[in-house]
Amino acid sequence: MQAKETKLQDIIEGTKQYVIPLFQRTYSWTNKEWEILWKDLIELCETENPRSHFIGSIVNMPTVSVPEGVAKYLLIDGQQRLLQSSSC
C-alpha cells in the first residue's frame with residue numbers, strides 16, 4: 001500500500017471513476033457534516049495566510065477499466081467524503 005498526499009481537485013476532476021464495492025456500507029455525509037467542512041474551509045481561506053485542510057483519508061485500489069481510457073478505482077474507505085446524501 002502506498003500513501004500519498006493528494007489534492008481534492010485531483011480526485012474530483014473527472015478523469016477517474018470511483019466504484020463503491022457491494023461489501024461497502026452505504027453511508028454519506030448529511031448537511032450537518034458538509035456545513036462544518038465548508039465553515040472550516042471558509043475560515044481557512046479568509047485568514048491572512050491561507051493554508052491547506054486535511055479532509056481525511058480516502059483508500060482506493062485500481063481495478064480493470066471498461067471502457068478503456070477511464071481509470072477505474074474501487075473505493076475502499078472514505079466514500080462519505082465523496083458522496084452527497086440523498087437528503088441534501
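The values are calculated or read from the model by the stated rules, or taken from the named source; none is laboratory data. Just so we're clear, the structure is a prediction, and the values are computed from it rather than from any experiment. Reconstructed Cβ throughout: ideal geometry from the backbone, glycine too, with neighbour counts over all protein chains shown. Note: areas computed on protein heavy atoms with side chains; ligands, DNA, RNA excluded. Shrake-Rupley method; radii C 1.70, N 1.55, O 1.52, S 1.80 Å.
So which aspartates and glutamates can residue 39 reach, going by Cα to Cα under 20 Å and dropping same-chain residues fewer than 8 places off?
Residue 39 reaches 48.
Working with all protein chains in place, sort 22, 8, 41 by solvent-accessible area computed with a 1.4 Å probe, largest first.
On the way: 22 180, 8 80, 41 50 Å².
Highest to lowest solvent-accessible surface, that is 22, 8, 41.
So which lysines pass the test for residue 16, namely a Cα distance under 27 Å, with those fewer than 8 places away in the same chain ruled out?
4, 7, 72
What shape does the range 1-43 take by its C-alpha gyration tensor, where a ≥ b ≥ c are the square roots of the eigenvalues and a/c under 1.5 counts as rounded, a/b above b/c as prolate, and the rest as oblate?
On the way: a/c = 2.01, a/b = 1.23, b/c = 1.64.
In terms of gyration-tensor shape, oblate.
Between the DSSP loop rule and a limit of at most 14 other Cβ atoms within 10 Å, which chymotrypsin sites (Phe, Trp or Tyr not before Pro) in the range 35-76 are left? Numbers along the way, then the final one.
Values: sites: 38, 54, 73; in loops: 54.
Here the chymotrypsin sites (Phe, Trp or Tyr not before Pro) that fit, given the DSSP loop and packing criteria, are 54.
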